[in-house]
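Nothing in this text is a laboratory measurement; each read-out follows from the coordinates by a stated rule. Every value quoted in this text rests on a predicted model; they were computed, and no experiment measured them. Backbone-built Cβ (ideal geometry, glycine too); neighbour counts: all protein chains shown.
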Amino acid sequence: MTKPLCIVAGVGPGNGLAFCKRFLKEGFRVAIVARSLERMTEYAQMDEQVFPFACDLSDPVAVANTFHQIIESLGTPEVTIYNAGSGVFGTALETSIEDFESTWRLSALGLLSVSQAVVPSMLERGKGTLLVTGATASLRGGAKFAAFSSAKAAQRNLAQSMARSLAPSGIHVALVIIDGIIDIPRTRAMFPDKPDDFFMQPDDIADTYYALSQQNKSAWTFEVDIRANTESW
């Protein structure tokens, strides 16, 4: 019997890699997608059930081509995780038009492009899960979050619209709002004096994603927020 497929779109050394490992542990094949094929190929060496793909997720044409290749070669995904996003920080007057657009393209347009690539095959099968990595910035616009909060708010509303339209057809769309600092080498270097419990552990975050993917349709979650117990909110 063929193992179910999970696609993780947006894989780095923190959450993306943790999602990959968590779904591998549960018996999934995992397709990992990011801009750097070299890094994806390196990650794929962890297990023969990991399949690397390079794609600029802000480019709809690249997304359509790459995800067609994934589905043609590996089949319809049981779970797709949209984990792409980047932070460009500054006030509205400090933010360039180019930075504003690129942030929106990755967070919102990328989600739409990936959804249009994977959801039709899920609809044919009558089931599937799409999980989206959100942020607290989608709920409030901080003074220096002009681009990022706008992009994440657009992403959140898009995910909610899809959840409402796709649920009757058996497709579960859920948004995970992550509020805190992820524990990776780069953030440890940025906050060298912070204790361990200041940071959010990627493996623990991945547990929430897997649990969402296993929910029964009689009690689906759309939105959940997770944070370290020391986070001020």
From the option list Asp225, Asp207, single residue qualifying as of a type in the set (Asp, Glu) and part of a helix (DSSP H, G or I) is Asp207
Taking the residues in the range 75-104 that are surrounded by fewer than 17 Cβ atoms within 10 Å (Cβ to Cβ) and of a type in the set (A, V, I, L, M) as candidates, determine which candidate is nearest to Lys144 (Cα to Cα). Ala92
Of everything in the range 187-216, what is surrounded by fewer than 11 Cβ atoms within 10 Å (Cβ to Cβ) and either touching a residue at least 24 places away in the same chain (Cβ under 8 Å) or farther than 24 Å from Gly27 by Cβ (or both)? Give them in sequence order. Ala189, Met190, Pro192, Asp193, Pro195, Asp196
Touching a strand residue (DSSP E or B) at 6+ places or on another chain (Cβ under 8 Å), farther than 27 Å from Thr208 by Cβ and not acidic (Asp, Glu): is that true of Leu74 in this structure? no
Top-ranked residue in the range 37-66 [being polar (S, T, N, Q) and crowded, with 19+ Cβ neighbours inside 10 Å; ranked as farthest from Ser107 (Cα to Cα)]: Thr66
When only residues in the range 130-153 that are surrounded by fewer than 22 Cβ atoms within 10 Å (Cβ to Cβ) and not in a helix (DSSP H, G or I) count, which is farthest from the chain's Cα centre (by Cα)? Ala143
When Thr66 is evaluated against the numbered criteria (1) under 15 Å from Cys6 (Cβ atoms); (2) in contact with a Phe, Trp or Tyr (Cβ under 7 Å, 6 or more places away or on another chain), which criterion, by number, is the only one it fails? (1)
If we keep only residues of the range 28-74 that are part of a helix (DSSP H, G or I) and under 16 Å from the mean Cα position of the chain (by Cα), then the residue farthest from Val119 (Cα to Cα) is Met40
Consider Ala34 against the criteria (1) closer than 21 Å to Ser121 by Cα; (2) in contact with a strand residue (DSSP E or B) (Cβ under 8 Å, 6 or more places away or on another chain); (3) small (Gly, Ala, Ser): it satisfies all of them except one. Which criterion is unmet? (1)
